[in-house]
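One structure is given here, and the rest of the page talks about it.
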Amino acid sequence: MNSPEQRSPTTAGLNVTTPAADTLLVKLSGDWKITEPLPSAADAQKPFESAKGIRRIAFDAKDLGEWDSGLLTFLIKIFEVCSKAKIEVDKDGLPEGVRRLINLAMAVPERKGARKETKKEAFFSMVGGQAVAFYHSFLEILDFLGESSLAFARLLRGKTSFRRSDLSLLLQECGAQALPIVSLISLLVGLILAFVGAIQLKLFGAQVYVADIVAIAMVRVMGAIMTGIIMAGRTGAAFAAQIGTMQVNEEIDALKTMGIAPVEFLVLPRMIALIIMMPLLCIYADLMGIVGGMIVGVGMLGINPTEYLNRTQEILTLTTVWIGLFHSAVFGVLVALAGCLRGMQCGRSASDVGYAATSAVVTGIISIIVATAIITFMCEVLKL
């Protein structure tokens, strides 16, 4: 059997004529492939510049061979020139496949929405929009807090429906898995407090009181604050990402369809886990901070380890310890609520999950700072 003869490609040709005073005729011939040398669009634009009064352009593709995107790119450039010069284009002479692809390429709508977005918004309109958004956000927060309170009340009555296995897993994630980062940060905070205090106390020969500074600062507030900030960045963001992903996958809608309250099933176990683990982590952070202060006191100031521990034991009281534990329990609730709230408010896209996680961290840290100020003021009023 004789193999079929393969057709050798022919060189792409372009011929521009003026069959009428106001018409240009573009004749296409040969194979227009991107892998072969092609005429430039400038060759077809020259008649526009030389001829005057051109109002119409037509095409003759009878001698056109094989073609690909190289021809389409050439024609689109021609059409752009015609559009700017307000010249009518007659596509009837082009192959049907070329016409369909050209129409598809030229049918992209103008991005009017983008223009509206870049348009400068009036000041009062922007302020009003932000006020309305803040009002709706405030209502969502109140609604979420109300649902969380009702879920917690049902927990006290033993009528909750979350899985105990989820709570066990959350306790592990919020507790044991957070120990490395809590250890590092608390140790460094204790070192810093002792070092800063030692610089001033050395002037008065009272280096031994470094133990007092570190113990009171860590146990009363700093241990709880640093643990809360760590958990806001680590666990609060994780809660927001987990629930936000469930929102994207419509799993929360499925829970509502089955008659399961999402707040009770998702938020409540996370809140319980942080309420339980935050005081324990706070005690551990206090111990690590005291160890950090002792490292500076013993290694840098020459204080006897036994003397350092005795000073720490003398200065600490149960009131100071309970104030620190109260801080940590409040921070646990705030971090859990912030993470779960932003997760429930998450949109339906992957980028919204990232925004929810970021917002959870910011909301958690701001809540911790505000709560610290309020609790400190209350302790001052109560003389604690």
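The values are calculated or read from the model by the stated rules, or taken from the named source; none is laboratory data. Being a predicted model, the structure only gives us computed values, none of them experimental. Don't worry about glycine lacking a Cβ; one is built from the backbone with ideal geometry, like all the others, and counts go over all protein chains shown.
Among the residues of segment 234-246, are any in contact (Cβ under 8 Å) with a residue 40 or more places away in the chain and in contact with a Phe, Trp or Tyr (Cβ under 7 Å, 6 or more places away or on another chain)? There is no residue in segment 234-246 that is in contact (Cβ under 8 Å) with a residue 40 or more places away in the chain and in contact with a Phe, Trp or Tyr (Cβ under 7 Å, 6 or more places away or on another chain). Residue pairs whose Cβ atoms lie under 7 Å apart, separated by 6 or more positions or on different chains, with the first residue in segment 185-212 and more than 19 Å from M226 (Cβ to Cβ) and the second not in a helix (DSSP H, G or I), are A198/M300; A198/L301; Q207/L301; Q207/I303; V208/I303. Of everything in segment 135-173 that is over 25 Å from the mean Cα position of the chain (by Cα) and under 30 Å from G292 (Cβ atoms), the residue that is surrounded by the most Cβ atoms within 10 Å (Cβ to Cβ) is L171.
Can you say whether S186 is exposed (fewer than 14 other Cβ atoms within 10 Å of the Cβ) and assigned by TED's automatic domain parsing to the domain that holds L341, as far as the supplied structure shows? The answer is no for S186. Selection of segment 9-37 for residues being buried (at least 19 other Cβ atoms within 10 Å of the Cβ) and within 50 Å of the chain's Cα centre (by Cα) yields only W32. Within segment 106-145, track down each residue that is modelled with pLDDT under 75 and not charged (D, E, K, R). If the condition is that a residue be modelled with pLDDT under 75 and not charged (D, E, K, R), then M106, A107, V108, P109, G113, A114, T118 are the ones that fit. Is it the case that segment 81-88 has a residue that's at pLDDT 80 or above and under 26 Å from the mean Cα position of the chain (by Cα)? Within segment 81-88 (the criterion being at pLDDT 80 or above and under 26 Å from the mean Cα position of the chain (by Cα)), the answer is no, since none of the residues qualifies. Restricting attention to segment 174-187, does a residue exist that is over 29 Å from the mean Cα position of the chain (by Cα), over 16 Å from P269 (Cβ atoms) and among the aliphatic types (A, V, I, L, M)? Checked against the condition, which is being over 29 Å from the mean Cα position of the chain (by Cα), over 16 Å from P269 (Cβ atoms) and among the aliphatic types (A, V, I, L, M), segment 174-187 yields at least one hit. For the condition under 18 Å from A12 (Cα atoms), at pLDDT below 80 and surrounded by 12 or more Cβ atoms within 10 Å (Cβ to Cβ), G70 qualifies.
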